[in-house]
Amino acid sequence: MTLIHTTVLLDEAVHALAIKPNGIYVDCTFGRGGHSRLILSKLGPDGRLIAFDKDPMAIAEAATINDPRFTIVHEGFVNLQKELNLRGIEYVDGVLMDLGVSSPQLDDASRGFSFRFDAPLDMRMDTTRGMTAAEWLNLADEKDIAEVVKDYGEERFAKQVAAAIVASRTGEPICTTGQLSQIVATAVRSREPGQNPATRTFQAIRIYINRELEELALTLPQALQMLNQGGRFSVIAFHSLEDRIVKRFLQDAAQGDKLPSRLPVRAADIAEPPVKIIGKPIRASEKEVDENPRARSAILRTAERTGIAL
């Protein structure tokens, strides 16, 4: 089966990077290469693009790009600074992050991300390592399951969902997406219009299994530290938990050092904040949402490094 992927905010995200033909750029989530290919088209012969991805399918897709300016790294973006340094790169001119799960991952039943298919309950971005969602659900304490579903899924019925999971697994292990979806449906007493009752629970477990929010929080300072003066940093988030982390980080960086009130310091002596926020957040157009409903929650934020790289 051919899995079609429509890159969200493609032109807007790459435009926000203000590509320099001979610059060095990073695509933190290659996916199926939409952003990477557009960046490459704007680079000159001495430009360079390094892309990261955990997903073996994304790595296979990246192998189809035959371009000496392009490098693919089979690692999560949490290893950004380490992997770039290993390749002799200290600073870059732009970093792009496209967060969350991609359409091909959701649409591939074998990956276990979606309740639309009855398939093995995997949910790992990188299928070569780590614990699957099924393994975790069959081992975790009820309290831990409830905390994950509440914190990462913002599910009102998190305690009930956790209790139902633990009760069900005493009879037989939970191994498929279909099993989990049915269990959650018995515990969620009301649902949002048009939303499957398992939506929030599936999101929560996926985020937990892949450490998505923790890795995002660890990567943002790395990206900022590696930017050259004038370098751009653009992030596309798809839900409130991601966007909240990005928004607060950029706002704090744009404020610079917080000095005590009434401290007698001249404005000229106050260090310039390391970042300035570029424009307002950008959302997908109505046309893009009509063509790709998954774009409806996307939000793009961009910042620029104002001072000399650290």
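The values are calculated or read from the model by the stated rules, or taken from the named source; none is laboratory data. Predicted model, so just to flag it, every value in this text is computed and none were measured. Backbone-built Cβ (ideal geometry, glycine too); neighbour counts: all protein chains shown. When the accessible area is computed, the model is the full protein with side chains, heavy atoms only, and any ligands, DNA or RNA have been set aside. Shrake-Rupley method; radii C 1.70, N 1.55, O 1.52, S 1.80 Å.
Volume per residue for region 80-159 equals 163 cubic angstrom (convex hull of Cα atoms). Solvent exposure of the chain amounts to 50 Å² per residue of accessible area, where only protein heavy atoms count and the probe is 1.4 Å. Rounded to the nearest 10 degrees, the angle from helix 199-209 to the longest Cα principal axis of the chain is 60 degrees.
Sparsely packed loop sites in region 92-139 (the trypsin sites (Lys or Arg not before Pro) outside DSSP H, G, I, E and B with at most 10 other Cβ atoms within 10 Å) comprise R129. Note: region 27-172, Cα convex hull, 140 Å³ per residue. For log10 I(q)/I(0) by the Debye sum over Cα atoms at q = 0.07, 0.11, 0.16 Å⁻¹, the candidate list reads [x] -0.38, -0.83, -1.25; [y] -0.31, -0.73, -1.30; [z] -0.50, -0.79, -1.17; the entry that matches the value derived from this model is [y]. Among beta bridges identified by DSSP and lying wholly in the chain, the antiparallel ones come to about 40 percent. Per-residue packing, averaged as other Cβ atoms within 10 Å, sorts the ranges 188-197, 294-303, 231-240 into the order 231-240, 294-303, 188-197, beginning with the highest.
Axis angle, to the nearest 10 degrees, between helix 240-255 and the longest C-alpha principal axis of the chain: 20 degrees. At the residue level, E135 shows approximately 90 square angstrom of accessible surface with a 1.4 angstrom probe and all protein chains present.
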